[in-house]
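The values are calculated or read from the model by the stated rules, or taken from the named source; none is laboratory data. On a predicted model such as this, the values are computed, not experimentally measured, just so you know. Every residue, glycine as well, gets a Cβ built from its backbone with ideal geometry; the counts of neighbours run over all protein chains shown. What goes into the accessible areas is simple: the full protein's heavy atoms, side chains included, and nothing from ligands, DNA or RNA. Shrake-Rupley method; radii C 1.70, N 1.55, O 1.52, S 1.80 Å.
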Amino acid sequence: MEGNGEELTAQETALYDRQIRVWGADAQRRLSKAHVLVYGMKGTIAEFCKNIVLAGVGSLTLIDDRIASEEALSSNFLIPPDHNVYAGNTLAHLCCDSLKDFNPMVRVSVQNGDLSSFDVEFFNNFDVVVVSSCSLPAKKLVNEKCRKVSKRVAFYTVDCRDSCGEIFVDLQDYKYSKKKLEETIECHLQYPSFEEASSVPWKELPRKTSKLYFAMRVIEKFEEAEGRGAGEVSIADLPGVLKLKREICAEQSLNESHVPDTLLERLVTSTLEFPPVCAIIGGILGQEVIKAISGKGDPLKNFFFFDAFDGKGIIENISNSNA
């Protein structure tokens, strides 16, 4: 993200002193001027928002008109546990009130409305857009709108189901510098959109590509075909999901063993988030967004997967050029 030349205030310098020592005043200045938009206030997003608010992002706008339920309390620590407090309120408003207490210097606000309904100009107000709990068509639509903005808008999707998590990153045409020994190296990365990345034929991907990548695409396509929202699947849908998997594997010339039935069963059996995984995925997402804003450190390209069953985090570069 390009800086606008404004210096940190004395109050900001004092509050963020320790992290300025880590990544420098210029990086903190960029962070304090950045505007972040978030959609889908689930547990992973709650962790992410907490992290960037504490880091000192300039402003954070939340979108989620869903009414809070007892189920949401299982993974979202920003929702007050008192039924009299959360009853009848939207997730965005409840989380907004809690986040303001973490860092009063960060402007946290709520935007009402459906994410897909906003025009391209709306996204021009932000430097970073993060979406969760989002259908496949909505992901693609918002990503393309971000790419039509006159400036570069960093786009992220995050999905956490049971003990598995996925992050997708699109930084478009991204340039940054890093130090190697005493030398400063200029780096340049080209990112594909979500549509472009997910359209890469499966048979062209490396044999060791994460099984979670394939499984998540099957679940997304099933939800889209059935007209469901993100996460609106259950164990009763497993036969249909497995049938679709076989059809896609045949179409993509991919051995079905790359998409284990047991993994798909886990993803449809429990669509609730597992709080420890929320903390891990939300932490990594926060770190990546801070990298993109500050220009410090090698950014993730372009998928990240985590499965608590083996405790491994895997980065996959999935693009037509694979560059």
*5 angstrom amide H check on SER135, placed H, neighbours 5+ away*: ALA230
*asked:* For the chain, take the longest principal axis of its alpha carbons; what is the angle in degrees between that and the long axis of helix 275-294, to the nearest 10 within 0 to 90?
replied: 50
_Cross-link reach list, lysines versus LYS148, counting only Cα pairs under 16 Å and skipping chain neighbours closer than eight places_ = LYS139, LYS140
*Solvent-accessible surface ranking, highest first, for HIS258, HIS83 at 1.4 angstrom*: HIS83, HIS258
_Estimated vicinal HN-Hα couplings, Hz - region 106-118 in sequence order (Karplus 6.51, -1.76, 1.60; Gly, Pro = x)_ = 9, 7, 10, 9, 10, 10, 8, x, 8, 4, 5, 7, 6
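If r is the Cβ-Cβ distance from GLU196 to GLU224 and R0 is 25 Å, what FRET efficiency results, to the nearest 0.05? Could you put the intermediate results ahead of the total?
Details: r = 17 Å, r/R0 = 0.70.
Efficiency at R0 = 25 Å is approximately 0.90.
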*Roughly what would the spin-label model give for HIS83 and ALA308, points 7 Å off Cα along C-beta, in nm?*
2.6
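Compare THR262, THR209 by solvent-accessible area with a 1.4 Å probe and give them largest first, with all protein chains kept in place. Provide the component values of the computation, followed by the final result.
Details: THR262 100, THR209 5 Å².
Sorted by accessible area, descending: THR262, THR209.
Can you tell me the length gained on complete extension of the stretch GLU182 to ASN125, counting 0.36 nm per residue apart and subtracting the Cα distance? Mind dumping the intermediate values first?
Working: separation 57, 0.36 × 57 = 20.52 nm, distance 3.76 nm.
Stretched out fully, the GLU182 to ASN125 stretch lengthens by 16.8 nm.
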*State, to one decimal in nm, how far the label point of THR271 lies from the label point of ASP97, with both points 7 Å from Cα in the Cβ direction.*
2.8
_Just to be sure I follow the definition: excluding the sites themselves, where is the longest run in the chain that has none of the trypsin sites (Lys or Arg not before Pro) in a DSSP loop with at most 12 other Cβ atoms within 10 Å?_
1-150
*Report the residue, chosen from VAL128, VAL22, VAL200, that carries the largest GNM mean-square fluctuation when the chain is represented by alpha-carbon nodes joined by springs under 10 Å.*
VAL22
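Would you please classify the overall shape of the chain from the alpha carbon gyration tensor, given that a ≥ b ≥ c denote the square roots of the eigenvalues, rounded means a/c under 1.5, and beyond that prolate means a/b larger than b/c while oblate covers the rest?
Values: a/c = 1.83, a/b = 1.26, b/c = 1.45.
The shape class here is oblate.
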_Ignoring ligands, DNA and RNA, please state the percent of accessible area on region 196-269 from carbon and sulfur, probe 1.4 Å._
49
*Using alpha carbons only, how many degrees (0 to 90, rounded to 10) separate the axis of helix 136-148 from the longest principal axis of the chain?*
40
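Rounded to a whole number, what % of the accessible area of region 1-144 do carbon and sulfur atoms account for, probe 1.4 Å? Present the calculation step by step, with values, prior to reporting the outcome.
Details: 3160 of 6440 Å².
Here carbon and sulfur together make up 49 percent of the probe-accessible area.
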*Mind listing the phi-derived Karplus ³J(HN,Hα) values for region 13-26, rounded to whole Hz, using 6.51, -1.76 and 1.60 with θ = phi - 60°, and x for any glycine or proline?*
4, 6, 5, 9, 3, 5, 6, 4, 5, 7, 10, x, 5, 5
_Spatially proximal lysines relative to LYS291 (Cα-Cα < 19 Å; intrachain offsets below 8 disregarded)_ = LYS33, LYS50, LYS151, LYS175, LYS178, LYS179, LYS180, LYS301
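Counting only helical runs of four or more DSSP H residues, what would the 222 nm mean residue ellipticity of the chain come to if each run contributes -39,500 (n - 2.57) and the total is spread over all its residues?
Working: 13 runs with 131 residues, N = 323.
That calculation yields -12000 deg cm²/dmol at 222 nm.
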*Of LEU60, TYR174, GLY227, which is farthest along the charge dipole of the chain in the positive direction, counting Lys and Arg as +1 and Asp and Glu as -1 at C-beta?*
TYR174
_Within 10 Å of each candidate Cβ there may be at most 10 other Cβ atoms; applying that plus a DSSP loop requirement, which GluC sites (Glu not before Pro) in region 129-191 survive?_
GLU182
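Net charge within 15 Å of ASN125 by Cβ-Cβ distance, Lys/Arg positive one each and Asp/Glu negative one each, not counting ASN125 itself?
Working: positive: LYS33, ARG107, LYS145, LYS148, LYS151, ARG152; negative: ASP119, GLU121, ASP127.
The answer is +3.
How large is the accessible surface per residue of the chain, computed with a 1.4 Å probe and reported in Å² as a whole number?
Details: 14780 Å² over 323 residues.
Solvent-accessible surface per residue comes out at 46 Å².
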*Distance in nm between label sites at ASP298 and ARG107, each 7 Å beyond Cα in the beta-carbon direction?*
3.7
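Please report, in debye to the nearest 20, how large the charge dipole of region 196-269 is about its Cα centre when each Lys and Arg carries +1 at its beta carbon and each Asp and Glu carries -1 there.
Working: 11 positive and 13 negative charges, 74 e Å.
My answer is approximately 360 debye.
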_So for region 196-269, if I pair up every lysine 8 or more residues apart or on another chain, how many of those pairs have alpha-carbons under 15 Å apart?_
5
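In debye to the nearest 20, how big a dipole does the chain give about its Cα centre with +1 on each Lys and Arg Cβ and -1 on each Asp and Glu Cβ? Could you put the intermediate results ahead of the total?
Details: 37 positive and 47 negative charges, 165 e Å.
Dipole about the Cα centre, nearest 20: 800 debye.
R0 = 35 Å: FRET efficiency of GLU247 with ASN320, Cβ-based, nearest 0.05? List each step's numbers first, then the result.
Values: r = 23 Å, r/R0 = 0.67.
Computed FRET efficiency for GLU247 and ASN320: 0.90.
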_Contact order normalised by length for region 196-269, with contacts defined as Cα pairs under 8 Å and 6 or more residues apart; what percent is it?_
42
_Of PHE118, TYR191, ALA236, which is farthest towards the positive pole of the chain's charge dipole, taken about the Cα centre with +1 and -1 on the beta-carbons of Lys, Arg and Asp, Glu respectively?_
TYR191
